[in-house]
Amino acid sequence: MSVHAWLDERIGLADFMSFLRKKEVPDHRHAVWYFFGGMTLFFFMMQVLTGLLLIVYYQPGSDSSYGSVQRITSQIEFGWLIRSVHSWSANLMLLSAFFHMFSVFFMKAYRAPRELTWWSGMGLLGLGMGFGFSGYLLPWDQLAYFATKIGLDVMEKSPFIGKELATMLRGGADVGVITLQRFYALHAAVLPVLFMPLLLLHLWLVQKHGNAAPPSVTEKKSVPFFPTFFYKDLMVWFLCLNLLALLASLWPWDLGPQADKLAAAPDGIHPEWYFMSQFQLLKFIPGKVGPVDGELLGMGLFGAGGVLWALVPLWDRGSRGRLVNLVGLGAVIVLLVLTIWGYAGVAGKG
Amino acid sequence: MTDTPQTAAAPQGLSRRALGQGLFAAAAALYTAALAWPIFRYLKSGTQGADEGPQVNEVNLGAEKDYLPGSGKLFLFGSKPALILRRKDGHFVALFATCTHLGCTVKFAQDQDRITCACHGGVYDPDTGRNIGGPPPAPLKPLVVSTDGGAVVVRRA
């Protein structure tokens, strides 16, 4: 009996294949955007793989964190590569997640019956940014220390639960070894436990409802998921792998001097690009706007914008396409301008 | 996706298809190796020398008078556990304390005047380290003891 027949008898391989062949993916001139969800998934899988490898040598602790990352980068064979891939892939994962989110927004793919797919995706993006924020501290170098300190100070200014949340994450009033332990627990245990079921829900919903074609596409053409779309998807993953290998080996991730609470914040310090727009907003809002605290206002504005964004399936029920496009365009412009402005502000300072 | 061109040029198409599949398999094998090799080296490199530690040839165990006749205690010879025994006639015996059965650390049972292993009931003779009961297949490895000027010094045999 062939392996195929043996497996078929036990797990129903033929049913699965016929399901894949029946599954169709819309084919139109915007179809290229469908690849970004798969790319995000690919980079996430790379994160799991390299993260599991890093855990083998990483030792959280005020002295051991920095020392073990230094050992990974300089003594363990290919350690520099594994760490570099982990950092690059984290950035590429969030970048493709943003492209994915905006394409879904503009294609109005969040409309019924896909509201839960949209919300689970927003949840995944939030957790993904949490992964980025918590992972950034773990090497315990100067930049990691100050970025986390600033990030938590900003969180502290958020309305309502900001102060409580920041204190809880920090494990006290200052960023220290307790914060490091908490962030490690978050990064390597808590967030994965929350992320995995949400990811499975998201993927299952995508399977259940299929890909949505944008309303502007009237001609209903489609291609079979297997083999046509599957092989294209695989090819895109293959390109992503090559890109990742190139970036990680040509520009290996740096490790700065060890965190030192007595040192002043380095010049030009700034958060990762995906937090840059918030950072810049807080920088240019004055300390007091009328009677309101400037930072509180900034975080409030950002939070309100995020809530409106997430609730789009509720305020666009199919008749507000133009408004949605304007809001989307506005969001893209505001985020881009703030981010570029932020980078221009720190350029040449560090 | 249609099969028409392939059926039209059947003999040539087949060999081209086989070539394509061969190249695909070769590329896939190369990529798998390029991914697996760094992971293999990464996981292997941290283990080298981790259990050996620096080579130790001699350990000073302090004053001879501190050891009562008929007693025994564990000490570390480098990174390996070892036993030092002072027999009732006053002479010293030193043995590596790793059971030759499955590597547990043995202990000196003073009340029975035997070396025993708690894991699977191995028994050794305290004078020679010979395996005299239970599953151990070989004697405990011996060390050499000297008492120069009142200090107990253990060396490799």
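What the table shows:
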| read-out | value |
| --- | --- |
| Residues of the range A:35-67 that turn out to be farther than 22 Å from residue A:197 by Cα, open to solvent by 60 Å² or more (accessible area, probe 1.4 Å), more than 9 Å from chain B (Cβ to nearest Cβ) and out of contact with any strand residue (DSSP E or B) (no Cβ under 9 Å at 6 or more places or on another chain), as a count | 1 |
| Residue satisfying all of: in the range A:68-82; facing chain B (nearest Cβ under 10 Å) and open to solvent by less than 40 Å² (accessible area, probe 1.4 Å); farthest from the chain's Cα centre (by Cα) among these | A:76 |
| Members of the range A:120-141 that are within 11 Å of residue A:183 (Cα to Cα) and in a helix (DSSP H, G or I) | A:130, A:131, A:132, A:133, A:134, A:135, A:136, A:137 |
| Out of A:133, A:183, A:146, sole residue that is more than 29 Å from residue A:100 (Cα to Cα) and either buried (at least 18 other Cβ atoms within 10 Å of the Cβ) or hydroxyl-bearing (Ser, Thr, Tyr) (or both) | A:146 |
| Residue check, residue A:89 more than 13 Å from chain B (Cβ to nearest Cβ) and surrounded by fewer than 19 Cβ atoms within 10 Å (Cβ to Cβ) | no |
| In the range A:229-240, residue least open to solvent (accessible area, probe 1.4 Å) [restricted to those that are of a type outside the set (Phe, Trp, Tyr), touching a residue at least 12 places away in the same chain (Cβ under 8 Å) and within 14 Å of chain B (Cβ to nearest Cβ)] | A:240 |
| In the range A:255-264, residue farthest from the chain's Cα centre (by Cα) [restricted to those that are modelled with pLDDT under 90 and open to solvent by 50 Å² or more (accessible area, probe 1.4 Å)] | A:262 |
| Failed condition for residue A:244, given (1) open to solvent by 60 Å² or more (accessible area, probe 1.4 Å); (2) closer than 18 Å to residue A:50 by Cβ; (3) among the hydrophobic types (A, V, I, L, M, F, W, C) | (1) |
| Residue in the range A:32-39 that is modelled with pLDDT under 95 and among the hydroxyl-bearing types (Ser, Thr, Tyr) present | yes |
| Failed item in (1) surrounded by fewer than 12 Cβ atoms within 10 Å (Cβ to Cβ); (2) over 18 Å from the mean Cα position of the chain (by Cα); (3) not in a helix (DSSP H, G or I), with residue B:65 passing the rest | (3) |
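Residues checked against (1) among the aromatic types (Phe, Trp, Tyr); (2) in contact with a Gly (Cβ under 7 Å, 6 or more places away or on another chain); (3) under 21 Å from residue A:131 (Cβ atoms):
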position: A:63; (1), (2), (3): no, no, no
position: A:67; (1), (2), (3): no, no, no
position: A:71; (1), (2), (3): no, no, no
position: A:75; (1), (2), (3): no, no, no
position: A:83; (1), (2), (3): no, no, yes
position: A:89; (1), (2), (3): no, no, yes
position: A:97; (1), (2), (3): no, yes, yes
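The values are calculated or read from the model by the stated rules, or taken from the named source; none is laboratory data. Just so we're clear, the structure is a prediction, and the values are computed from it rather than from any experiment. Every residue, glycine among them, receives a Cβ derived from its backbone with ideal geometry; neighbour counts consider all protein chains shown. Ligands, DNA and RNA are excluded from the accessible area calculation, which covers all protein heavy atoms including side chains. Shrake-Rupley method; radii C 1.70, N 1.55, O 1.52, S 1.80 Å.
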